[in-house]
Amino acid sequence: MNSSFHRADFLCKSKKCVSLFVAILLLATPLWAQRPTTPPAQPQAKTPKIPDPTFETLLGADTYKLYGEVRNVGQLLSTGGAGEIVDPIIKLANPPPEFQSIIKFLKKNEEALATSRLLFASWPARADVPNAFVAIEFATPEEAAKFSPKLETFLPTVLPPVPIEPEPKPNPPPEAKPSEPGNQPMAETRKEGTQASPPAEKRAGSARTEAPQEHLPFVISHKGNLVFISDKSFKFEKLHPASSKALAEDQSFRIAHDRFSNESIFLYFSVALEDRSKPLASPTPVVTVKVAEPSARPQSDPSTRPPSSSSETPDETRNVMLVGAPQSTPEPPPPVRTRQQQAQMNASSQMGQMLDLLGVGEPQWPEAVGVALVLDNNEYVVRAILIEPPERRKLLLPFLPQLLSGATYAAEAPQVLPDDTEAFVSASIDLSQTYEGMRKEAEIRAKASARQIQTSPKDAPLDAFAEFEKKAGFKIKDDLLPTLGNEIAVAGSLKTLQGVGVFGAPPPPKPSPSPGEATTDHTKGSDVFPMLLIAVKDRDGARRLMPHVLDGLGMGEANMIAQVEKHDDAEIVNYAGLFAYAFVGNFLVISEAATVRHVVEAWANHQTLGSNATFRNFTRWQARQTLGQIYVSPALMDSYREQLNKQAPKMDPALRDSLMSLSPAPQAISYSLTNEGFGALHELHLPKDLVIAMVAGTSASMSAIKQGSPETNEMIAIGGLRMVANAENTYSAGVGKGSYGTLDQLVAQKLVMLELFKNYGYKIDLVVVGDQFEAVATPVEYGKTGSRSFFVDKSGVVRGDDHGGGPATVGDKPIEP
């Protein structure tokens with residue numbers, strides 16, 4: 001009975017379970033039929049994290065033209081050498097407070113910035129990126145986040161807020177209502193990292209005066225281990241668009257960056273990017289010339305008349321004459337010259353016409369330029385690489401498109417130059433290719449000249465080279481060039497090279513000797529006559545051609561007075577003191593007679609520059625095979641120190657102490673040009689003490705100008721009178737129509753700035769009578785703002801002397817330029 005009951009109960013429960021299962025199955029079938037066709041959603045994958053930007057990924061190759069890096073920023077002002085340049089500026093030049101604040105901030109944070117790199121970029125190639133962009137790299141994101149608030153506190157002290165100039169808006173049409181769409185002012189985008197104020201509300205019909213708005217001229221932000229400073233907000237995708245490769249992947253940048261990876265300061269400029277972006281707007285201000293309008297102007301409505309005051313239009317283009325700028329001043333009558341002197345002048349003019357052709361043609365600029373600066377213990381080293389395609393012609397200088405570089409060479413000129421040579425420049429030149437380019441340009445000029453004068457090709461004037469060959473009786477390419485080598489050098493004392501403008505502006509010319517004055521003294525003219533050395537492959541062939549070279553230059557008569565002097569293996573040909581030449585070693589040496597004799601004697605006695613210990617020490621770093629080199633002996637530093645010693649008694653004590661602390665050890669300047677396959681590599685070594693002395697002297701001069709010392713005021717007054725004379729010539733040739741202008745007229749034409757005199761203790765009086773003018777500058781307070789008075793007239797010669805505060809006259813002695 002019980003078992004039957006249990007079986008019945010089991011069957012009952014089983015039936016209920018089956019029924020429940022069937023019911024669930026029946027209910028689930030329609031739902032299963034309506035299921036989505038896509039597979040069930042999987043757990044959502046995490047969005048990959050965008051990596052923080054780095055120096056290598058931050059900028060695109062086509063974003064900025066100028067890029068720079070400063071490595072180990074915090075160490076530059078301590079152990080990097082920059083502090084030795086900054087100190088005299090702080091002590092002597094009295095720089096602006098902002099400059100001093102920046103130096104203090106860097107020194108205060110020297111430890112935080114010790115190993116940091118600073119990236120800066122400017123000259124954007126696109127308009128959607130900041131004009132100035134700076135990034136500072138730290139070791140960790142925590143250090144970057146810690147440094148960012150320091151910048152936010154410091155930068156407003158040196159870059160204060162600037163007012164926001166409201167943009168003029170056209171008046172709404174009468175039927176427009178303030179509530180209509182399109183009449184509401186757009187919200188101003190807030191710049192990241194600044195506390196910019198929101199724009200003031202402008203309600204239509206409101207007459208209340210709005211409070212002036214200001215904003216900071218920079219933006220500070222940080223991401224990862226980088227802190228950014230820019231002049232406006234930016235987006236990373238704009239700095240490095242996805243469509244452009246990274247700057248670090250650009251081949252030219254990679255070459256320069258890898259070549260200068262260890263230098264303290266690195267600069268890179270993309271010349272190719274500049275060429276491609278010429279049609280775009282450049283941040284560099286464009287200088288325009290404003291044409292002077294006639295003085296008689298038609299009267300117009302005052303409400304529409306443009307402002308004429310310079311204070312009302314501060315950005316107006318001003319046509320201001322620069323102090324000392326070369327202008328068309330009346331030339332003094334030419335001196336009377338002897339026949340020999342005239343022949344020399346003609347020969348120099350002919351040579352000048354031929355040499356001018358070196359710069360004719362389209363300049364061959366490199367694809368990019370990389371520059372690095374190393375601040376070592378005893379010298380500052382500047383390195384530059386000009387990156388060019390390998391198929392390009394090898395130029396020594398980009399702006400001399402016809403001067404082609406020759407093969408590398410081991411310089412032999414020092415083995416011929418005397419050991420007391422103070423400076424020389426040497427280079428390897430491919431004379432054949434250089435001549436071909438110059439000759440082609442000469443022919444183009446000759447044909448253009450023939451078209452202008454409308455002559456037949458048969459009667460057309462010869463070009464400079466053809467005229468030379470006709471007079472000389474030989475071919476330059478076939479006869480002369482095969483006798484010469486590639487190395488050419490110019491050498492001499494610092495005074496001689498300054499005389500020809502190698503190391504600065506040449507000194508004022510000496511008066512020519514009067515007719516009949518003896519010129520056989522070999523020492524005369526040595527101050528302005530350097531040595532020219534040309535490598536020779538065929539001495540006999542070159543010796544035969546030298547007299548004919550003089551024929552080609554129009555100096556053939558000099559061959560009649562040539563005297564030959566034998567000195568061992570060398571032979572000197574002396575042209576009666578005019579000049580001389582000799583074949584010394586493998587070189588043709590050309591100079592005046594005394595200098596050539598000195599070269600021959602030094603070479604015979606083995607007292608050459610190549611055996612000079614100082615020369616060897618300061619050029620030891622140079623590669624043996626070069627394309628060019630420059631050497632300036634310690635005589636430059638010695639002469640600079642000698643001048644400073646003479647001025648020491650009246651020198652500022654701080655300047656004197658700074659200069660006297662410099663090392664007395666002799667130091668030289670050296671330079672080398674090589675090519676490693678990617679382009680020309682220039683390297684210049686400058687003595688640290690020379691750089692510091694020049695910075696100290698310049699800083700002291702700037703301080704003197706600010707303080708208005710009498711000597712400084714006098715120099716400014718002299719320059720001001722020269723400016724007046726130049727302004728008078730410009731006025732006479734322009735609106736004056738042959739007449740000179742009064743002081744008010746010169747000022748109205750913006751040719752003279754009276755502030756130049758008012759600010760520096762001198763007053764000016766200008767008198768114009770007919771075709772003459774006289775300008776006088778006198779000190780405002782005699783003995784305090786200046787002692788000498790100055791005078792200038794239409795001759796352009798400034799004269800002056802001490803007149804106790806009275807005016808100078810035409811009878812005073814001229815002031816040396």
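The values are calculated or read from the model by the stated rules, or taken from the named source; none is laboratory data. If you're wondering where the values come from, they're calculated on a predicted model, not measured in any experiment. With ideal geometry, Cβ positions are generated from the backbone for all residues, glycine too; neighbour counts draw on all protein chains shown. To get the accessible areas, we keep the full protein, side chains included, count just its heavy atoms, and leave off ligands, DNA and RNA. Shrake-Rupley method; radii C 1.70, N 1.55, O 1.52, S 1.80 Å.
Taken over the stretch 222-240, the residue count meeting the criterion of being free of Cβ contacts under 8 Å to residues at least 40 places away in the same chain and not in a loop (DSSP other than H, G, I, E, B) is 1.
From the list Gly541, Gly577, the lone residue that is at pLDDT 90 or above and either under 26 Å from Ala464 (Cβ atoms) or crowded, with 18+ Cβ neighbours inside 10 Å (or both) is Gly541. Considering (1) touching a helix residue (DSSP H, G or I) at 6+ places or on another chain (Cβ under 8 Å); (2) among the acidic types (Asp, Glu); (3) assigned to a strand (DSSP E or B), the lone condition that Glu711 does not fulfil carries the number (3).
Scanning the stretch 574-610 for residues that are of a type in the set (A, V, I, L, M), touching a helix residue (DSSP H, G or I) at 6+ places or on another chain (Cβ under 7 Å) and outside any helix (DSSP H, G or I) yields Ala576, Leu578, Ala580, Ala582, Val584, Leu588, Val589. When restricted to residues that are modelled with pLDDT of 90 or more and more than 16 Å from Phe269 (Cβ to Cβ), the stretch 353-375 contains 0. Taken across the stretch 603-621, residues that are open to solvent by 30 Å² or more (accessible area, probe 1.4 Å) and touching a His at 6+ places or on another chain (Cβ under 6 Å) do not occur at all. Within the stretch 118-130, if we keep just the residues that are open to solvent by 50 Å² or more (accessible area, probe 1.4 Å) and part of a strand (DSSP E or B), the residue that is nearest to Ala696 (Cα to Cα) turns out to be Phe120.
Does Ala114 fit the bill of being open to solvent by less than 60 Å² (accessible area, probe 1.4 Å), farther than 30 Å from Ser270 by Cβ and either of a type outside the set (Ser, Thr, Tyr) or not in a strand (DSSP E or B) (or both)? Here the answer is yes, as Ala114 does meet what is asked.
Taking the criterion of being over 21 Å from Gly741 (Cα atoms) and crowded, with 18+ Cβ neighbours inside 10 Å, the residues of the stretch 760-781 that qualify are Tyr760, Gly761, Pro779.
Looking at Arg392, is it open to solvent by 50 Å² or more (accessible area, probe 1.4 Å), in contact (Cβ under 8 Å) with a residue 24 or more places away in the chain and not aromatic (Phe, Trp, Tyr)? Taking the combined requirement at face value, the residue satisfies it. When the stretch 461-479 is examined, which residues are found to be open to solvent by less than 60 Å² (accessible area, probe 1.4 Å), over 17 Å from Ala442 (Cα atoms) and not in a helix (DSSP H, G or I)? Selection gives Phe474 alone. If the condition is being in a loop (DSSP other than H, G, I, E, B) and either among the β-branched types (Val, Ile, Thr) or open to solvent by less than 50 Å² (accessible area, probe 1.4 Å) (or both), then the stretch 419-429 contributes only Thr421. Looking across the stretch 471-520, the residues that are farther than 21 Å from Val589 by Cβ, modelled with pLDDT under 50 and either touching a Pro at 6+ places or on another chain (Cβ under 6 Å) or among the basic types (Lys, Arg) (or both) come down to Pro508, Lys510, Ser512. On the basis of being among the aliphatic types (A, V, I, L, M), modelled with pLDDT of 60 or more, touching a helix residue (DSSP H, G or I) at 6+ places or on another chain (Cβ under 6 Å) and more than 19 Å from Leu431 (Cβ to Cβ), does Ala460 make the cut? Spelling it out, Ala460 is indeed among the aliphatic types (A, V, I, L, M), modelled with pLDDT of 60 or more, touching a helix residue (DSSP H, G or I) at 6+ places or on another chain (Cβ under 6 Å) and more than 19 Å from Leu431 (Cβ to Cβ).
Does Phe99 meet the test of being at pLDDT 50 or above, part of a helix (DSSP H, G or I) and of a type in the set (Phe, Trp, Tyr)? Against the criterion (at pLDDT 50 or above, part of a helix (DSSP H, G or I) and of a type in the set (Phe, Trp, Tyr)), Phe99 qualifies. For Glu362, the requirement of being open to solvent by 60 Å² or more (accessible area, probe 1.4 Å), in contact with a Pro (Cβ under 8 Å, 6 or more places away or on another chain) and charged (D, E, K, R) is met. Would you be able to say whether some residue in the stretch 644-652 is modelled with pLDDT of 90 or more and of a type outside the set (Ser, Thr, Tyr)? No - not one qualifying residue is present in the stretch 644-652. Of all residues in the stretch 582-602, exactly one satisfies the criterion of being open to solvent by 10 Å² or more (accessible area, probe 1.4 Å) and among the hydroxyl-bearing types (Ser, Thr, Tyr), namely Thr595.
Of the set (1) open to solvent by less than 40 Å² (accessible area, probe 1.4 Å); (2) out of contact with any Gly (no Cβ under 6 Å at 6 or more places or on another chain), all apply to Gly786 but (2). Figure legend. Inter-residue proximity from the stretch 430-445: first residues free of Cβ contacts under 8 Å to residues at least 12 places away in the same chain, second residues of a type outside the set (Gly, Ala, Ser), beta-carbon distance below 8 Å, spacing 6+ or different chains. No pairs are indicated.
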